[in-house]
Every structure is written in C-alpha cells, then in structure tokens.
1. Ignoring ligands, DNA and RNA, what accessible area per residue does the chain give at 1.4 Å, in Å²?
2. Between R197 and N39, with labels modelled 7 Å along Cα→Cβ, what's the label distance in nm to one decimal, could you check?
3. What's the local net charge at C151, with K and R +1, D and E -1, over the other residues with C-beta under 9 Å away?
4. What figure in square angstrom, to the nearest 10, would you give for the accessible area of H63 with a 1.4 Å probe?
5. How big is D for segment 1-109, in µm² s⁻¹ as a whole number, if Stokes-Einstein is applied with the Kirkwood radius of its Cα pairs at 10 °C and 1.306 mPa s?
6. Using modelled amide H (1.01 Å from N, peptide plane; none on Pro or chain starts), what sits under 5 Å from the amide H of F244, excluding residues fewer than 5 places away?
7. If eta is 1.306 mPa s and T is 10 °C, what Stokes-Einstein diffusion coefficient results for the chain, Kirkwood Rh from Cα pairs, in µm²/s?
8. Would you rank K103, K82 by solvent-accessible area, highest first, keeping every protein chain in place and using a 1.4 Å probe?
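The values are calculated or read from the model by the stated rules, or taken from the named source; none is laboratory data. For clarity, every value in this text was computed on a predicted model and none was experimentally measured. Backbone-built Cβ (ideal geometry, glycine too); neighbour counts: all protein chains shown. Just the protein is used for accessible areas: all its heavy atoms, side chains included, with ligands, DNA and RNA removed. Shrake-Rupley method; radii C 1.70, N 1.55, O 1.52, S 1.80 Å.
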Amino acid sequence: PILILGACGQIGTELTFELRSKFGGENVIASDIREGGENLMQAGPFELLDATNYEAIEDVIMHYEIEEVYLMAAMLSATAEKFPMRAWNLNMNSLFNVLNLAKEGKIGKIFWPSSIAVFGPNTPKENTPQNTVMEPSTVYGISKQAGERWCEYYFKKFGVDVRSVRYPGLISWKTMPGGGTTDYAVEIYHAAIESGRYTCFLEKNTKLPMMFMDDAVKATISLMESPSEKLGTRSSYNLGSMSFCPEELAKSIQKHIPEFEISYKPDFRQQIADTWPKSIDDSLARQDWNWSPEFDLDKTTSSMLENLKKG
Ligand code: VAH
C-alpha cells in the first residue's frame with residue numbers, strides 16, 4: 001500500500017486520484033492535517049495526520065503495512081516568507097520523519113518534491129542546468145535545497161530509496177491555489193471565467209517555468225516506477241515542459257475569451273519570482289527515465305477552461 005502525506009494539497013489531491021485509479025482505492029491511504037473534499041474522502045482510506053509527528057506517521061505505516069510514501073505536505077514560497085520558522089519546521093521535520101522511518105526499514109520507497117525554487121539569483125536563468133550554482137534566497141527554496149542534500153545523504157549512507165523532481169510552477173483545476181508565487185497561473189483561469197478580468201501580482205514579462213498538473217503527475221509516477229539503477233541523481237531531477245509570462249498566458253486565454261482583461265499590480269511575490277529561472281534543462285530526466293511533457297500553453301488553457309466551466 002501507498003501513503004500520501006499532504007493528500008489535500010494541490011499535487012497531493014491529484015496524485016491520490018491517479019494512484020487510486022492505478023492501484024485501487026483501498027491501496028492508497030490519503031492523509032492530511034485537515035479533511036479534504038468528499039470525492040477524495042470517499043474514494044479510499046483517509047487519516048488525519050500531522051506530517052511533523054513521527055509516532056503518528058509510524059502508527060499509520062504499521063497499521064496499513066505501507067510500502068511507499070509520497071510526502072506532499074509543505075508550506076509554499078509566499079506563505080513561507082511570512083512564517084519562516086513554521087515553514088522550516090514543516091518542510092524539514094516531515095522529511096526527516098519519512099527518511100528516518102525508511103532508514104529503520106519501515107518504508108520501502110519515498111517520493112519527495114523539490115522545486116525550481118532551489119535555484120537563486122545568481123543561477124543561470126535560461127536553460128538552467130541540472131548541476132549549477134544554487135544560492136536560494138527564499139525560506140522555501142532554502143528548505144528545498146537542504147532537503148535535496150539530506151535525500152542524497154540518506155541514499156548514499158543508508159541506501160534509502162528516495163526519489164525527487166524539481167517541479168516548476170504547476171497549473172491545475174482540481175484544487176484552489178495555496179500560497180505559491182506561481183499560483184497567479186491558476187487564479188487567472190478562475191478569474192477569466194468568474195469575472196472576465198484579473199489583476200496579476202507579477203509583472204507582465206515575468207517568465208517562469210510552468211507545467212500542467214497531468215504532466216507533473218505522469219512524471220512523478222514514471223520516476224517512482226523506474227528501475228533504481230537507471231537513476232543518475234538522488235538529490236532531485238530538473239523537470240521542465242514550458243515557460244511563459246503573464247502576458248503570454250493572458251493572450252492564450254483571450255483566444256477563448258476575447259474580452260478577458262488583465263492588469264498588473266506586483267507585490268512581494270515579484271521579488272521571489274525574480275530569483276527563479278526562466279527555463280529549465282531537464283535532459284537528465286529525459287535520458288534516465290524517458291521524461292517527455294505533453295501539455296503546452298494552449299493545450300493547458302483549453303483543458304483548464306473546459307474543466308473549470310463544468311463547475
Ligand atoms: C510556489 N508553486 O510557487 C510553488 C512552486 C516553483 C513554484 O515551488 O511556491
């Protein structure tokens with residue numbers, strides 16, 4: 001069986017649905033600090049679980065005989081700047097809990113998400129390499145860089161089978177955005193349908209690496225199913241699919257909703273976005289486990305508007 005920590009989050013929700021359809025609802029235990037939507041709660045077992053509580057996770061793992069854990073609980077970049085110590089505690093202690101349970105032989109395989117937030121102001125911004133200068137200047141990015149170092153350490157020192165990708169900004173419709181700097185790219189679709197206008201908290205030419213959630217879920221499961229010997233890195237894989245700026249995203253929406261209007265009112269999240277890459281070199285993921293994305297911007301926009309219009 002599989003345990004998902006943070007199953008009610010943006011990625012956790014989608015991973016839970018996909019893994020349940022692949023392996024059967026009863027084999028995927030969803031957990032989070034709070035209950036989720038009824039379709040998530042009814043499709044398989046759910047446990048209220050604090051990912052920073054080692055004993056609580058251990059109890060769930062022993063009770064359900066868990067073999068794999070997806071640790072999707074975290075505080076994202078914008079919120080982490082407001083509550084640095086709470087973010088560090090959640091993002092790091094949840095990771096230590098699952099790494100240590102695996103070191104004790106109680107978990108067979110771990111997925112842990114990193115992010116393009118590991119890169120900082122002096123990282124090359126175009127086609128950012130897998131291995132390069134990384135001096136993240138955000139709490140969230142620092143926690144992801146530290147997390148990557150610990151994942152590689154536990155693999156090398158204790159043989160823990162932990163796998164990770166550096167997600168770009170993710171776009172999805174099943175959950176509302178939650179505290180991310182890239183979440184303008186989710187909010188904008190809701191606004192386009194609800195009011196026909198959106199005030200963007202990033203400048204119009206802020207180009208960032210982005211990905212539609214279906215591609216992110218496909219990549220995650222593909223990495224988890226790859227033979228261990230094929231994996232060339234145990235810190236975290238660069239993962240890319242497309243890059244765009246708010247102005248380009250607005251134009252893509254206007255192909256469907258011509259009267260849609262966007263205005264710009266940058267806030268503190270602009271300073272976070274300015275430290276991140278514009279595009280990613282993900283050739284190692286393509287080489288090691290045949291990564292290849294399916295959704296470009298226009299395909300993403302069609303899918304987002306179609307699914308959000310269904311309400
Ligand atoms: C955030 N969506 O904005 C997350 C992600 C690269 C962006 O880490 O914080």
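1. 42
2. 3.2
3. Here the charged neighbours net out to +1.
4. It works out to around 130 Å².
5. On the way: Rh = 13.9 Å.
Calculated translational D: 114 µm²/s.
6. Close amide H contacts, sequence-distant or interchain: L208, M210.
7. The Stokes-Einstein estimate is 81 µm²/s.
8. K82, K103
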